[in-house]
Amino acid sequence: MPEKVIEVEHLRQTYDGRTFVVDDVSFNVAKGEIYGLLGKNGAGKTTTIRTMTTILPVHYGKVRILGMDVSENAEKIRRRIGVVLQNESFDFASVERNLKVYGMLWDVPREVLKARIEEVLEVFDLGPLRKVRAMELSGGQKKRLQVAREFIHDMDLLFLDEPTVGLDPIMRRSVLNYIRDKARRGLTVLYTTQIMEEADYLCDRIAIMNRGKIVAEGTSSDLKAKYGDLKTIHVVVSGDIDYESLKSKFPEDVIVDNEEIRIVSKNVEDILPDLIIYLKTKDIRIERISVEESSLDDVFLKVVS
Amino acid sequence: MMPPSLRLTARNLIINTDPGTLLFLIGLPSFYLIVLGLMFQALIPNVVFDGRSISYAQFLSPGVVAMQPFIAGSIGGSMLWSDRRWGMFEQLLVGPFHRIDYLLGIIYVSMIFSVGGALLMFLVSYLLTGFVVHYLVNILLIIVVLLVSSILFTSLFLVLSVFIRTIQTYNTVTMFIFFILDFASSAFYPINGRTPLGLRIVSYANPLTYIVNSVRDMMFARLTGSDLVYVGVVVILSALFFVFAALSYRKAKI
Ligand SMILES: Nc1ncnc2c1ncn2[C@@H]1O[C@H](COP(=O)(O)OP(=O)(O)OP(=O)(O)O)[C@@H](O)[C@H]1O
Ligand SMILES: [Mg+2]
């Protein structure tokens, strides 16, 4: 049986003592695994991470990290984990100094530190910015610094709370590849994101959270298979769409975005003719229409709605 | 391997030390010493202290030395603010430290600043009045008092930082406390039978009075039993404030 690095059992967390923003969450993560937590804003991802990283006390349930209970061994756990916070965090200093000081805080030996700084400057494309003060960086550059900094020290488990927000597609890909490479060498990663294809690309297993609960869990192909008989009708129209009337006509999962309509359903064959007739009676012109296999995105939308 | 609290201290020295605040640390008390010391000379030709007649500037110099831990403490408190502002507070809380290490990291920096500031005050005072502390042992005693007082004031300001919601309020409160503690103490004038009773009570409830009194006695090489009491009060208050700071900081909002 593989070594369990994260064990969360029936975790319930509350900020105000009344509503549980994490509500009976249980999952395990094995050594070397990349585990993705997905969910809408406010689903409870960050609260779960804050609990696992010893910032928040456990209200109900049990959380063990690297075999140790977070309520008893917080400091021992912290010495073996890395955390990239969702919020911005950096020192009031240049990029290079941020990395150096962080290395000093982690007691990284001088020679090792030097080599690692050069490595992350290269991987995260921060070399040209090494002398720039952190607060003068662009949003994406700050995020890169924050992720890069965490790879300065050794760790057994890394928490990444939406680390790719604001990164351009090229940078995003190279950051994901770097994380994957580290995981192949034994690093365990807990990763949160809103971007499904990212989770699809990176994560060995995915849990989808909604309102404090895990509503689906599995590998991305598990999830697609489970909800895989779903198909998506995608229509691009010109003309105003009345969301309410559309919704009442097609109670399936209808998503309207400007002049695009998406309907996720198991029986698109029945819906499609009705939809075309509906649009015709409303004088809405169809520019483009397609029926697609559901993507992980669709799975997400389906399970959280 | 460096202990975690010292690593955090080194970080605070490298990152959280702003030349502007340091200037304040040294500037304001120097200003007191130079301006007040020289201006009041016209009004107060000399002060009788321990049967000797000394100049007002000489009387004032222990006062400005004793202010250093107070100013250093307020700078320490503001480090918590800037760490919160740049998101580093939460980041350090998930770092490889005990929670108390973060507090110690700030207290140690305040100690360094207050001793450094005090040495500078000695220098300014020497240039101004030609006054020197004669005995090495007295200088060492003064340093001990300054170190202990740094714990007191840094803890006080850390508690304030935890409970006050905005940096503006924090700064206003700091200035207010600064004013009260400085002027309702024995820093600027002797507290004796001619001091109005109300002010005398405030002065004796003010930790700065005990610090100033003991530093003054040490500078003028006139140690008595009451200095033991002064130092005792400072030590007890420091211990209390430290415990209070450690407790309230556990509740600190991130
Ligand atoms: N410090 C706090 N005090 C009170 N309530 C909070 C606090 N932090 C989060 N919450 C509430 O807890 C719920 C879960 O928040 P959390 O930050 O865990 O969500 P999330 O899944 O990380 O969302 P996002 O994708 O927006 O980061 C939200 O409803 C939020 O309002
Ligand atoms: Mg979050």
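In this structure, is residue B:144 farther than 21 Å from residue B:12 by Cα, surrounded by fewer than 24 Cβ atoms within 10 Å (Cβ to Cβ) and modelled with pLDDT of 90 or more? First the steps, then the outcome.
Details: farther than 21 Å from residue B:12 by Cα: yes; surrounded by fewer than 24 Cβ atoms within 10 Å (Cβ to Cβ): yes; modelled with pLDDT of 90 or more: yes.
Judged against the criteria, residue B:144 is a match.
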Report task. Under 6 Å between Cβ atoms, at least 6 apart or on separate chains: pull out the pairs that start in the stretch B:165-184 with a residue that is free of Cβ contacts under 8 Å to residues at least 60 places away in the same chain and end on any residue that is not in a loop (DSSP other than H, G, I, E, B). Result -> B:184/B:202; B:184/B:203
Query raised in the report: Mind checking which residues of the stretch A:27-50 are more than 16 Å from ligand 1 (Cβ to nearest atom) and either small (Gly, Ala, Ser) or without any contact (Cβ under 8 Å) to a residue 40 or more places away in the chain (or both)?
Result: A:28, A:30, A:32
Report task. Give the residue, chosen from B:77, B:63, that is touching a residue at least 24 places away in the same chain (Cβ under 8 Å), buried (at least 24 other Cβ atoms within 10 Å of the Cβ) and either facing chain A (nearest Cβ under 10 Å) or over 14 Å from residue B:151 (Cα atoms) (or both). Result -> B:63
Requested in this report: Please tell me if residue A:53 is among the hydroxyl-bearing types (Ser, Thr, Tyr), within 14 Å of chain B (Cβ to nearest Cβ), touching a strand residue (DSSP E or B) at 6+ places or on another chain (Cβ under 9 Å) and within 13 Å of ligand 1 (Cβ to nearest atom).
Outcome: yes
Query raised in the report: Are there any pairs, at least 6 apart or on different chains, whose C-beta atoms fall under 7 Å, with the first in the stretch A:78-95 and within 16 Å of ligand 1 (Cβ to nearest atom) and the second of a type in the set (A, V, I, L, M, F, W, C), and if so, which?
Result: A:83/A:159; A:83/B:94; A:84/A:147; A:84/A:159; A:84/A:160; A:89/B:86; A:89/B:88
Report task. Kindly indicate the residue of the stretch A:73-108 that is at the interface with another protein chain (Cβ under 7 Å from one of its Cβ atoms), outside any loop (DSSP other than H, G, I, E, B) and under 22 Å from the mean Cα position of the chain (by Cα) and also nearest to residue A:142 (Cα to Cα) among those meeting that condition. Result -> A:83
Query raised in the report: So residue B:35 clears everything in (1) within 14 Å of another protein chain (Cβ to nearest Cβ); (2) among the aliphatic types (A, V, I, L, M); (3) exposed (fewer than 14 other Cβ atoms within 10 Å of the Cβ) except one condition, right? Which one?
Result: (1)
Query raised in the report: In the stretch A:180-187, is there at least one residue being over 23 Å from residue A:28 (Cα atoms) and either assigned by TED's automatic domain parsing to the domain that holds residue A:209 or of a type in the set (Phe, Trp, Tyr) (or both)?
Result: no
Query raised in the report: Are any residues in the stretch B:83-96 farther than 11 Å from residue A:88 by Cα, facing another protein chain (nearest Cβ under 7 Å) and touching a residue at least 12 places away in the same chain (Cβ under 8 Å), and if so, which ones?
Result: B:93, B:96
Requested in this report: Kindly provide the set of residues from the stretch A:48-62 that are surrounded by 23 or more Cβ atoms within 10 Å (Cβ to Cβ) and away from ligand 2 (no atom under 16 Å from the Cβ), ordered by number.
Outcome: A:54
Query raised in the report: For residues in the stretch A:1-47 being among the small types (Gly, Ala, Ser) and either assigned to a strand (DSSP E or B) or not assigned by TED's automatic domain parsing to the domain that holds residue A:86 (or both), which is nearest to ligand 2 (Cβ to nearest atom)?
Result: A:39
Query raised in the report: How about the stretch B:204-227: which of its residues are at pLDDT 85 or above and more than 17 Å from residue B:57 (Cα to Cα)?
Result: B:204, B:205, B:206, B:207, B:208, B:209, B:210, B:211, B:214
Report task. Answer yes or no as to whether residue A:74 is among the small types (Gly, Ala, Ser), within 16 Å of ligand 2 (Cβ to nearest atom) and surrounded by 15 or more Cβ atoms within 10 Å (Cβ to Cβ). Result -> no
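Report, by residue number, each residue of the stretch A:109-140 that is of a type in the set (Gly, Ala, Ser) and away from chain B (no Cβ under 14 Å). Even if it seems obvious, please write down each step before you answer.
First, the residues of the stretch A:109-140 that are of a type in the set (Gly, Ala, Ser): A:115, A:127, A:134, A:138-140.
Of everything in the stretch A:109-140, those that are of a type in the set (Gly, Ala, Ser) and away from chain B (no Cβ under 14 Å) turn out to be A:115, A:127, A:138, A:140.
May I ask you to list the residues in the stretch B:149-208 that are of a type in the set (Gly, Ala, Ser) and in a loop (DSSP other than H, G, I, E, B)?
Initially, the stretch B:149-208 is screened for residues of a type in the set (Gly, Ala, Ser), giving B:149-150, B:155, B:161, B:184-187, B:193, B:198, B:203, B:205.
The answer is B:184, B:185, B:186, B:187, B:193, B:205.
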Query - Residues (touching a helix residue (DSSP H, G or I) at 6+ places or on another chain (Cβ under 8 Å), without any contact (Cβ under 8 Å) to a residue 40 or more places away in the chain and farther than 15 Å from residue A:194 by Cβ) located in the stretch A:157-171 - result: A:168
Report summary line: Within the stretch B:114-137, residues being in contact (Cβ under 8 Å) with a residue 12 or more places away in the chain and either in a loop (DSSP other than H, G, I, E, B) or among the hydrophobic types (A, V, I, L, M, F, W, C) (or both) number 11
Report task. Residue by residue through the stretch B:9-32, note down the ones that are within 14 Å of another protein chain (Cβ to nearest Cβ) and touching a helix residue (DSSP H, G or I) at 6+ places or on another chain (Cβ under 7 Å). Result -> B:9, B:10, B:11, B:12, B:13, B:14, B:15, B:16, B:21
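The values are calculated or read from the model by the stated rules, or taken from the named source; none is laboratory data. Because the structure is a prediction, the values reported are computed rather than measured. Because the Cβ atoms are built from the backbone with ideal geometry, glycine has one as well, and the counts that use them run over all protein chains shown.
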